[in-house]
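Down below is the structure, laid out as structure tokens.
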Amino acid sequence: PDLVVTVGQFGLSRPTMELLRRSARHIAIELPTVGREVCDPLRSAERVLSGIPLPPSDMTPDPTWLAGWRAADDAAADVIAAQLGAQASLTGSAVAARVWDRAPEDGLLLVAASWPVRQVEAFAGRRQGLRVIGNRGANGIDGLVSTAWGAALAHQAQGGGPAVALLGDLAFLHDHNGLLVGPDEPRPDLVVVVLDNDGGGIFHQLEQGRPEHSASFERLFGTPQGRDLVAVAESAGVPGVAVADVAGLDAAVADALSSGGVRVVVARVPDRAAEAGVLRQIQEAVDGRVGRL
């Protein structure tokens, strides 16, 4: 693009950051609640403004630009749907897309930091009516079970529908004691869907996942725990079920939503290296399709 205008805080999305790097110009809008260091993280803005300027009155938008973006988006969505549907086993990316699609219209969806939020960013489609929240702890994955529990209670106290939390296995284990609630405490309608790839899947996508770091990768970044997450849930008195395919996931989520209360669905997905390979295949297929437009 010739110009990118950013408003407030951003920077977790690598595609967004790459868009800034490739743009000819960048104008940042600084909000009162954040400082320059977060509204211009790359120090790429030629100007940082305190308000959004009005466009020139004689400006004529180019309709082909937006049409091109929409065509590319539609083409990418078609390729992604085909690629995810072609996978023989359940993948983390497919879980994120299906949980997004099946969360109730009046519901609440908490998306965990690290890997799940990026999978939703990459593969979720457009929809309305769903309230989506996130949380950032010291390490990004702290306190998410407790956050989901409290947010679900607040949402439902205001007349909202069931809540769903999409977590990775490490985030679930970091705060599984959030399921330990006294017998007289209120319980929300909350379905916790756990992507179980036994470790930190996001790191296979980052620099530390390169082959030259393989000797120390698992201990420092993969950090597999090898735990039975259904047993972890049931030890806290919360019903849990494990699934390994799309049909099982859909049935388990539907059953948990209709049953009410707090329930855990553990989606057992391929190992982290295999998931990284799936993502590379999807990216190559999208690049090829969009490149032909």
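Surface exposure of the stretch 119-206, expressed per residue as accessible area with a 1.4 Å probe, stands at 45 Å².
Looking at the stretch 16-146, the pairs of alpha carbons with a distance over 25 Å make up 50% of the total.
Taking 105, 275, 212 in turn, the Gaussian network model of the chain (Cα-Cα springs below 10 Å) assigns the largest fluctuation to 212. Placing unit charges on the Cβ atoms only, positive for Lys and Arg and negative for Asp and Glu, gives the chain a dipole magnitude near 480 debye about its Cα centre. For the set 6, 33, 223, the ranking by accessible area, highest first and with no ligand, DNA or RNA atoms included, is 33, 223, 6 under a 1.4 Å probe.
Please work out whether the stretch 118-184 counts as rounded, prolate or oblate from its C-alpha gyration tensor, where a ≥ b ≥ c are the square roots of the eigenvalues and a/c under 1.5 means rounded, while otherwise a/b larger than b/c means prolate and anything else oblate? Verdict is oblate for the stretch 118-184.
Here the Gaussian network model covers the chain, with springs between Cα atoms less than 10 Å apart; of 151, 276, 215, 215 fluctuates the most.
Per residue of the chain, what 222 nm ellipticity follows from adding -39500 (n - 2.57) for every DSSP H run with n ≥ 4, rounded to the nearest 500? Before the final figure, lay out each step's value.
Working: 11 runs with 122 residues, N = 293.
That calculation yields -12500 deg cm²/dmol at 222 nm.
The solvent-accessible area of residue 258, taken with every protein chain present and a 1.4 Å probe, is close to 90 Å². Each Cα pair of the chain feeds into the Kirkwood radius, which the Stokes-Einstein equation turns, at 37 °C and 0.692 mPa s, into a diffusion coefficient of 156 µm²/s.
How many percent of the accessible area of the stretch 1-89 is carbon or sulfur, using a 1.4 Å probe?
Values: 3590 of 6310 Å².
Result for the stretch 1-89: 57 percent of the exposed heavy-atom area is carbon or sulfur.
Return the carbon/sulfur percentage of the accessible area of the stretch 147-293, one whole number, probe 1.4 Å, all protein chains in place.
Carbon with sulfur: 51 percent of the solvent-accessible area.
The protection proxy used here, the mean number of other Cβ atoms lying within 10 Å of each residue, ranks peptides 176-187, 233-244, 37-48 as follows, highest first: 233-244, 37-48, 176-187.
The values are calculated or read from the model by the stated rules, or taken from the named source; none is laboratory data. Here the structure is a predicted model, which is why all the values come from computation and not from measurement. For neighbour counting, all protein chains shown are included, and Cβ atoms are generated from backbone atoms with ideal geometry for every residue, glycine included. We work out accessible area using only protein heavy atoms, side chains counted, and drop any ligands, DNA or RNA first. Shrake-Rupley method; radii C 1.70, N 1.55, O 1.52, S 1.80 Å.
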